[in-house]
Amino acid sequence: MKKILIVVLLPLFIFSCGSSKRAGGESLPNNLTGSFEKAEQVTSDPTDPVQQDRLMVYEAWQTIKVKDKRNIVNEISTIVKNNSGYVLETSVDRIRFRMPADSLENILKITGQFGEVISQDIHGQDVTEEHMDLNLRLENAKKSRERYLQLLERAENIGDILLIEKELERLQLKIERLQGHLNKLNEIVAYSTITINIQEKIKPGPISWIFVGLYEGVKYLFVWN
C-alpha cells in the first residue's frame, strides 16, 4: 500500500517543483522564443467602450464648372493652406489636397462657390478594427520586449544572452513597423483627401451666337415656361 501511495504522489511532487521554479524565475527556459510567443497574441474585449468610437477615413470628389478656370487652382490652393491643409498635386484643371477631417463639408461649400457644382461624392471607410488590431499588437510586442529585458538581466549563459538579444532585435523592428503603420493610419483618419475637378463653360464664338439666338427663338415657339 505504501509503495502505491509513493508512486501516485511522486509525479505530483515533481510537477509542483517544476512549476514553482518557472514561476520564481530561478532558471532560464530552454526555448526562450516559445516561452514568450503567447505574450504577443492579440486579445480584445468586445465590451471595451473604446471600441464604440468608430474611426472613419473620408475621401471626396467635386466637379465644378466655371466661366474662367484661370487662377482657380491657385485660389483654392491658398484657401487650403490658410485652413491647415496641404496640397498633394495640381494641374490646369485639377487640384488634390488634404484637409482636417472636421472641415471637409465646409471646404466643399467654399470650393463649390467658385462655379456650378456638377457632381460631388464623399466616400467613407471604417478603419476601427484595423486601428484596434495595430494598437493591440503594438502593446503586446512592447510587453514581450519588457519580459525579454528582464530575462537579459538575469541571464548568465552566453548562448542565452545571444538568443535573448536576437529576440529583442526582432521585437524592436516589429514595434517600429507597427508604430509606423499606426502613425500613418492616424494621419489618414485626421485628414480627408479632396479632389476638385474644374471645367470651363463653353463660350460661343461670333457665328455661334447666331445659332444660339435661333435655338432660343425656335424653343420659345414650342415651350412656354
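The values are calculated or read from the model by the stated rules, or taken from the named source; none is laboratory data. Everything quoted here is computed from the prediction, not taken from an experiment. When we count neighbours, we look across all protein chains shown, and the Cβ atoms used for this are built from the backbone with ideal geometry, even at glycine. These area figures cover heavy atoms from the full protein model, side chains too; ligands, DNA and RNA do not enter into them. Shrake-Rupley method; radii C 1.70, N 1.55, O 1.52, S 1.80 Å.
Tabulated data for the structure shown
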{"read-out": "Restricting the range 76-102 to residues that are touching a residue at least 24 places away in the same chain (Cβ under 8 Å) and not hydrophobic (A, V, I, L, M, F, W, C), the residue that is farthest from residue 195 (Cα to Cα)", "value": "83"}
{"read-out": "Enumerated helices (runs of 4 or more DSSP H) restricted to the range 17-131, each holding at least 2 residues that are open to solvent by 60 Å² or more (accessible area, probe 1.4 Å) and modelled with pLDDT of 95 or more", "value": "72-82, 104-112"}
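Residue-wise test of (1) in a helix (DSSP H, G or I); (2) open to solvent by 80 Å² or more (accessible area, probe 1.4 Å).
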| position | (1), (2) |
| --- | --- |
| 141 | yes, no |
| 145 | yes, no |
| 150 | yes, yes |
| 162 | yes, yes |
| 165 | yes, yes |
| 187 | yes, no |
| 198 | no, no |
